[in-house]
Structure formats: C-alpha cells, structure tokens
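Remarks on the structure that follows.
The values are calculated or read from the model by the stated rules, or taken from the named source; none is laboratory data. Being a predicted model, the structure only gives us computed values, none of them experimental. Neighbour counts are summed over all protein chains in view; Cβ atoms, including those assigned to glycine, are modelled from backbone coordinates with ideal geometry. To get the accessible areas, we keep the full protein, side chains included, count just its heavy atoms, and leave off ligands, DNA and RNA. Shrake-Rupley method; radii C 1.70, N 1.55, O 1.52, S 1.80 Å.
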Amino acid sequence: MTQQADLAIPAVTTLADDERMFRDSVRQFADDSVRPLAREMDEHAKFPRSLIDQLFELGVMGIEIPESFGGSGGRFFHSVLAVEALSRVDPSVGVLVDVQNTLVVNALMRWGNDDIKRRYLPLLSARWVGAYALSEAGSGSDAFALSARAAERGDEFVITGRKLWITNGNEADLFIVFANANPEAGYRGITAFLVERDFPGFAVGKKEDKLGIRASSTCELLLDECRVPRANVLGEVGKGYKVAIETLNEGRIGIGAQMIGLAQGALDHAVSYTKERKQFGRAIADFQGVQFQLARAATELEAARLLVYNAARLRDGGRPFLTEAAMCKVFSSEAAEHVTSLAVNLFGGYGFTKDYPVEKLYRDAKIGQIYEGTSNMQLQTIAKQLLG
Ligand SMILES: Cc1cc2nc3c(=O)[nH]c(=O)nc-3n(C[C@H](O)[C@H](O)[C@H](O)COP(=O)(O)OP(=O)(O)OC[C@H]3O[C@@H](n4cnc5c(N)ncnc54)[C@H](O)[C@@H]3O)c2cc1C
C-alpha cells in the first residue's frame, strides 16, 4: 500500500525550506571555494584571510546575530547545518565557524549587556573572528582549576596568566578570556572578559603543530598585566563558570556537527571510489563484504546525525538538552573515527597517501574525542544523569 507523505509530521532530519536553502548554499560554497584549498591549507597549516572574508560574505560568521546588528538572524540549528556542510569538505573551516557561532557569538548573545552587544556584534558579523579561551596547561578537563588571575584596579581589571590550545588564536580579533577575580571563592571567582587583540599586555604565543585540523590555528595566549575595562566583563564578576558551562554545553553540539560532516565527506569518497576501483575483474563495491562495511558506516552516521540534530532542535526549542548534547558528541566522534578509518581501508594503499582526501579526514576526526570536553567527560555527564 502506498501512503501519501504527511509533511506536517517532520522527521528529525526534515529540513524546513529556509534550512535547506541555507544548507545547500553553504555546501555549494564548500565544494567550490574550500575544496580546492583544503590540501594546501592542511599541508602548510595556514588559513587564508581571503577565505575568512568569504565566510563573512556568505553570512556564516554571525548566524544567530540579529539582522539589526548585521547578522543572519538564524537559529542554533542553522549553525549546526553550516558546520556540518563545511566540515564535509574541510573540518578546519568547520571549526573556525563553529567557535565563532556556537561559543563566541552564543556567549555574547546570552550574557552580553546592550553596550557589549552594540559594540561587538556588528564587528563579529562583518569582519572580526572570535576565540574562546578557557583551557590552560594545568587545567583542561578540570577547567575551573584555572590559574589566570584578574585583579580589580579602578574601572579596569588586570589579567595575568596563560591560556593554551586556543582555537582561532592566530586569526581572532576578540577573545573571551576566563580568569579568576576572587580565588578565595574558588570557581565562584571565575569571570569572563572580552579581550581585544591589541589590548595592552595581551599577546598570542606559540601555535601548535597538530595531527589533524591543521589549518585551524591552536595557540597559546599570554596575558601579562593585560588591562581590560570593567565594561568588558561578560556577564557578572564571579559568574564566568556559568558562562563557560552554558556555552560549552551548547558548543559540543557544534562539534557533533563537525564530526557528522567529516564522516559524510569520507563516506561519499568511499562510495565513489569503491564503485570505480576494479579488482578481480569487478568494482570492489560489487563485493558483499565491501557493501556491508559501507552499509554499517552509513547506519552509524545516520544514528550520529539523529543525535546531533535532535540535540540542536531541543536547544532551539528551549527544552533540556544537556544529556543529549553529551551523547551526540561521544557518539558522533566515535562514528567519525570508524567511518574515516573504513574510508582509508577501502582506498587501499592510495588511502594511506596524501593524494586522496581520506587520510586527512581520518586525522581530522581524532580531535572530536578531545576538545570541548573529552569523551570521558561526556560519559561522566551522561552517567550523572543516569545514576541521579
Ligand atoms: C586542537 C585543539 C583545540 C582546542 N581549542 C580550545 C579552545 O578554543 N578553547 C579552550 O579553552 N580549549 C581548547 N582546547 C582544549 C581542550 O578543550 C582540552 O585539551 C580538553 O578539555 C582536555 O584537557 P587536557 O588536554 O588538559 O587533558 P586532561 O584533562 O589532562 O585529560 C587527559 C585524559 O585524562 C582523562 N581524564 C581527565 N580527568 C578525568 C576524570 N575525572 N575521569 C576520567 N577521565 C579523566 C581525559 O578524558 C583524557 O583522556 C583545544 C584542544 C585542542 C587539542
């Protein structure tokens, strides 16, 4: 019996017209403008400014910023679609856009007062890249043990400390820096500050040489008596831990999007290659052994996408999503590792060379289990909810 589709009952992956058009435009851009650069960007660990300018023109650097501030006036789900579509071609581009939207813009939209929004949202929509600086050499998973200190001096705060692993550090104009303004109060002293690149006492240090997402810069930040006006406190003094928790809870859905995007890219490559590559007189995709591996990969990827989209939709709907966000990150990063590894296998010896794109996606996948909370930290969140 054939049944008429009831479009009033959407699937989790059903896209509204505006979502589909937006996704398609970003996908087209990724294919036309990112794909030709991806290999060189990876090899030289460089992100060309001209590509950043194009991302601003495309409207993916201020997705949730209201149009009145020059942004695209979209929802969190649009950010997920953009990160996924870009990561399918280059996860380094995906994460630059991800940090800009799901961490930096997100934090400013939620915690910024009118003055902060008026000063920074138009810049972030038009040309400023943002970065989010929580981690330090000694505090990663235990993020609130951070040792950067902020001392109040008149109508300024003076910050001293070092941040490590800061994505977009090389390109960013604005940094959300977390420092403790009242160490006796423990984590309740942590405060979020908006630091401009040219504030006195601020410098970007060493850039890491990495396994994957090599074009995405990961830098140390040095704050030596860095003077920040009181007006640049994001949220309230002592509420930085809330700023951090709330943005990272949402941000990790963006990492899920990066992971499903890159897994889709690898699967697409594997499908076309196995249909073309001949062994034993037939396309290797004709062998049931290969077909089943591809089918399993596609199933795992679909499950990951459902988790990511559902978490994003819960967030946009104002419903609780903490556990679902943690689940989507754990699962999608593992799926990405499995799918990219299979893609390398199915390319055979060629998969192991830099002449084909799958080895890069395999390297890029690894970061999903580490940043914005390692897989163990996500499992801890899920277990806490499970066990009460
Ligand atoms: C490429 C890259 C980009 C990054 N970008 C940013 C950024 O933009 N901003 C930012 O602030 N940070 C960023 N980070 C930092 C990242 O979030 C941290 O690396 C991550 O949180 C892990 O911290 P760590 O490296 O100190 O590892 P650790 O916390 O030392 O963890 C080491 C291992 O121990 C495990 N572990 C630790 N504690 C527990 C526990 N209680 N139970 C079980 N297992 C545990 C972890 O799961 C992990 O496997 C980035 C990191 C990388 C590599």
| task | Would you confirm whether any residue within the range 115-122 is near the ligand (Cβ under 8 Å from one of its atoms), under 25 Å from LYS207 (Cβ atoms) and buried (at least 24 other Cβ atoms within 10 Å of the Cβ)? | result | no
| Residues in the range 143-164: is at least one within 12 Å of the ligand (Cβ to nearest atom), free of Cβ contacts under 8 Å to residues at least 12 places away in the same chain and farther than 19 Å from LEU103 by Cβ? | yes
| message | Can you say whether GLY235 is in contact with a helix residue (DSSP H, G or I) (Cβ under 6 Å, 6 or more places away or on another chain) and not β-branched (Val, Ile, Thr), as far as the supplied structure shows? | response | yes
| Could you list, in sequence order, the residues of the range 123-136 that are touching a Ser or Thr at 6+ places or on another chain (Cβ under 9 Å), of a type in the set (Gly, Ala, Ser) and open to solvent by 10 Å² or more (accessible area, probe 1.4 Å)? | SER125
| note | Those residues of the range 206-236 which are in contact (Cβ under 8 Å) with a residue 60 or more places away in the chain and away from the ligand (no atom under 16 Å from the Cβ) amount to ASP224, GLU225, CYS226, ARG227, VAL228, PRO229, ARG230, ALA231, ASN232, VAL233, GLY235
| In this structure, does ARG88 turn out to be of a type outside the set (A, V, I, L, M), over 17 Å from the mean Cα position of the chain (by Cα) and either at pLDDT 95 or above or open to solvent by less than 50 Å² (accessible area, probe 1.4 Å) (or both)? | no
| request: Search the range 250-285 for residues being of a type in the set (Lys, Arg) and in a helix (DSSP H, G or I), and hand back the single one that is farthest from PHE76 (Cα to Cα). | output: LYS275
| request: Report, by residue number, each residue of the range 21-39 that is of a type in the set (S, T, N, Q) and surrounded by 15 or more Cβ atoms within 10 Å (Cβ to Cβ). | output: SER25, SER33
| query | For LEU194, all conditions in the list (1) under 25 Å from GLY251 (Cα atoms); (2) more than 12 Å from the ligand (Cβ to nearest atom); (3) open to solvent by less than 10 Å² (accessible area, probe 1.4 Å); (4) out of contact with any Gly (no Cβ under 9 Å at 6 or more places or on another chain) hold save one; what is the number of the exception? | reply | (4)
| How many residues does the range 129-158 hold that are out of contact with any helix residue (DSSP H, G or I) (no Cβ under 8 Å at 6 or more places or on another chain) and small (Gly, Ala, Ser)? | 9
| query | What residue, of ASP53, ASP98, is charged (D, E, K, R), away from the ligand (no atom under 16 Å from the Cβ) and part of a helix (DSSP H, G or I)? | reply | ASP53
| Answer residue from the range 171-191, given it is within 12 Å of the ligand (Cβ to nearest atom) and farther than 14 Å from TRP128 by Cβ and is surrounded by the fewest Cβ atoms within 10 Å (Cβ to Cβ) among those | PHE178
| said: Regarding the range 340-357, can at least one residue be identified that is of a type outside the set (Lys, Arg), open to solvent by 30 Å² or more (accessible area, probe 1.4 Å) and more than 28 Å from GLU40 (Cβ to Cβ)? | reply: no
| Mind checking which residues of the range 364-376 are surrounded by fewer than 18 Cβ atoms within 10 Å (Cβ to Cβ) and either of a type outside the set (Val, Ile, Thr) or modelled with pLDDT under 95 (or both)? | LYS366, SER375, ASN376
| task | Determine which single condition GLU43 fails, assuming it passes every other condition in (1) surrounded by 13 or more Cβ atoms within 10 Å (Cβ to Cβ); (2) touching a residue at least 60 places away in the same chain (Cβ under 8 Å); (3) assigned to a helix (DSSP H, G or I). | result | (1)
